[in-house]
1. Sticking with the crude label model, points 7 Å out along Cα→Cβ, report the distance from Asp296 to Glu172 in nm, one decimal please.
2. Please name which of Met74, Val39, Ala18 has its Cα lying farthest along the dipole of the range 1-81 towards the positive end, using unit charges on Cβ (Lys, Arg +1; Asp, Glu -1) and the Cα centre as origin.
3. Note down the relative contact order for the range 1-97 as a percent, whole number, built from C-alpha pairs under 8 angstrom at least six residues apart.
4. Going by amide H atoms built from the backbone, whose H comes under 5 Å of the H on Phe332, apart from near neighbours?
5. Translational diffusion coefficient of the range 8-184 at 10 °C, 1.306 mPa s, Stokes-Einstein with Kirkwood Rh over Cα pairs, in µm²/s as a whole number.
6. With labels modelled as points extended 7 Å from the Cα through the Cβ direction, what inter-label distance (nm, one decimal) is found for Ser336 paired with Ser319?
7. Note down the relative contact order for the chain as a percent, whole number, built from C-alpha pairs under 8 angstrom at least six residues apart.
8. For the range 151-304, just the Cα set please: Rg and Dmax, both in angstrom.
Amino acid sequence: MTDLAGKHLVLGLTGGIACYKAAELCRGLVKAGAEVQVVMTMDAARFITPVTMQALSGRPVFDSTWDAREPNHMPHINLSRAADAVLIAPASADFIAKLAQGRADDLLSLLCLARPIARVPLLVAPAMNREMWAHPATQRNMAQLAADGGVLLGVGSGWQACGETGDGRMLEPPELLEDVIAFFAPKPLAGRRVLVTAGPTYEAIDPVRGITNRSSGKMGFAIARAAREAGAEVTLVAGPVALPTPRGTTRIDVGSAREMLAAVQHHADAADVFIATAAVADWRPDAAAEQKIKKDGSGRAPALAFVENPDILATVASSPRAQSGALFCVGFAAESQDLAANAAAKRERKGVPLLVGNIGPATFGHDDNTLLLVDAHGAHELPRAPKLELARELIAEIVRRAFA
Ligand code: CTP
């Protein structure tokens with residue numbers, strides 16, 4: 001992935017134990033194609049050496065206003081003019097206070113103040129003890145920073161190096177990377193709400209068994225991420241899958257098809273786009289047994305009666321909002337053969353403007369896929385690519401059809 005190709009970032013490190021995570025973040029940014037110029041405060045250099053950061057970024061680190069390497073002796077001007085963004089990770093409570101006050105007594109705070117504010121955004125990933133984070137002074141400084149146009153990337157929660165547990169940890173490097181990539185993406189879905197279903201459903205037979213399928217949820221999760229990157233407010237209704245929640249999305253975990261339908265119906269009224277990627281079980285056991293079904297010694301399996309599950313996509317697509325065009329519905333079709341004909345027939349049957357066909361065994365659990373987009377005008381293939389790339393292309397196709 002070269003999501004950050006051509007981007008030039010100043011990665012600023014300030015004093016805090018989370019500096020150890022900045023090494024991995026730097027590596028991730030470079031791997032994503034960014035040119036990374038590391039600038040460290042003196043306190044940051046007590047936690048991690050400039051040698052490490054130089055090796056990972058491939059560039060000498062700057063840590064002093066008085067650095068004589070720049071011919072004009074103005075690293076604060078040169079570094080900030082060359083950047084597409086300044087990312088402070090970790091940002092200590094003290095450094096945030098400095099930013100809020102416009103102080104400039106070291107190279108990093110000086111270049112933040114000297115940056116062309118309209119052209120070079122400032123992204124801040126705070127890292128501190130939970131008491132420092134909750135302190136009114138820190139919260140006041142954060143509010144001031146946001147009011148001055150700073151982009152606050154939030155904090156994580158959990159165990160802290162000091163032994164306490166709470167809010168204030170720096171976000172993990174993959175989370176920060178996802179946020180930085182999303183920050184640079186165009187925002188054609190700003191102000192729109194997108195509802196996505198993903199993964200399989202689980203239909204209980206008894207308290208310990210059930211029927212499900214091999215959907216991994218990867219495509220739906222990639223679509224939720226791509227919609228968020230494009231600026232949408234995203235609700236992701238997920239069946240049982242082992243995937244991290246895409247950053248900045250609201251996830252609702254469900255089990256059965258009926259639970260999925262209830263969650264979808266709750267959110268569909270507010271949505272502008274509904275994308276049904278879930279592999280919903282077509283049938284469920286008529287009545288789940290209350291206790292575990294035991295072998296009866298006859299050698300025969302128990303007879304299970306099945307009933308059909310509600311069709312979530314067809315239900316939403318037949319609603320007045322979908323029919324009027326206020327809610328743009330997109331279906332998926334997991335087929336095993338004859339994709340074009342099956343997908344076209346399914347689009348008609350479900351009553352949706354756009355249906356995305358794929359071959360089930362070729363996609364379930366895989367990181368890449370091929371998609372066939374079928375609408376009223378015909379079919380168009382998105383060739384094999386990583387699911388995130390396909391998700392971004394699909395979001396662009398939806399924007400073109402629903403909002404152009
Ligand atoms: N879908 C749904 N609710 C169901 C079944 C399917 O919302 N009970 C949605 C899926 O999320 C997908 C589309 O309908 O967007 C097609 O799913 P698929 O399983 O391919 O189709 P089916 O309707 O189940 O048709 P068939 O099994 O006959 O191919």
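Throughout, read-outs are computed from the coordinates displayed, never taken from laboratory work. As the structure is a prediction and not an experimental result, all values here were calculated from the model. Every residue, glycine among them, receives a Cβ derived from its backbone with ideal geometry; neighbour counts consider all protein chains shown.
1. Placing both labels 7 Å along Cα→Cβ, they lie 4.8 nm apart.
2. So the residue we want is Ala18.
3. Worked out over the range 1-97, it gives 39 percent.
4. Hits under the 5 Å cutoff: Ala276, Val356.
5. Roughly 100 µm²/s, to the nearest whole number.
6. The answer from the label model is 3.3 nm.
7. Details: 850 pairs, mean separation 43.1, N = 404.
After rounding, I find 11 percent.
8. Both quantities, over Cα of the range 151-304: 19.7, 67 Å.
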